[in-house]
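Engineer: Structure below; questions to follow.
Please treat every number below as a calculation from the coordinates, not as lab data. Treat the numbers as computed from the prediction; the structure is a model and nothing was measured.
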Amino acid sequence: MNLPLDTEYKIIGHDCLVDNYTSCENCSRVICNIATIEDTEGHKYSVGLDCAETLSGIHALDIRETKRLISRTRKLIKFIKKEAQTAFIRENTVWLYKYEINEWQSTWIYRLDINKYKLYRDINPFIKTIYASK
């Protein structure tokens, strides 16, 4: 399925798949870096970044920002996979450390929302998790 070129689109989200792939809803190629786009009628599609660049209404700055966000997410995933030792959780925030800790310290490597952490925590089941009391 090729999306119509005479329709305006905008990027409304992004994702990068971990150890998995999907197909572009525009060209059917295999992709792991995904731009979620929406047309003027509210239909949503998951497309590769190369296809997103060719669609009307999507600006080069939007593509660049999406690539930057995906790059940050990939770095986070790599850190969780290979280096993270401890996750310290307080309310809705998670701090990730390269080494084991027993209480919060200011030397964290990543700080993120609990919902984002839940997306990727299963990548490394050996991360020690500490829950702070309220």
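Engineer: Would you mind checking which residues have amide H under 5 Å from ILE130's amide H? H placed 1.01 Å from N; only 5 or more apart, or other chain.
Structural biologist: ALA87, PHE88, ILE89
Engineer: Near LYS75, which lysines are there with a Cα under 22 Å away, not counting those fewer than 8 places off in the same chain?
Structural biologist: List returned: LYS67, LYS98, LYS116, LYS118, LYS128.
Engineer: Can you list the HN-Hα couplings for the stretch 76-92, worked out from phi with the Karplus curve (6.51, -1.76, 1.60; θ = phi - 60°), rounded to whole Hz and with x for Gly and Pro?
Structural biologist: Once θ is set to phi - 60°, the couplings for the stretch 76-92 become 4, 4, 4, 4, 4, 5, 10, 10, 4, 10, 9, 10, 9, 10, 9, 6, 10 Hz.
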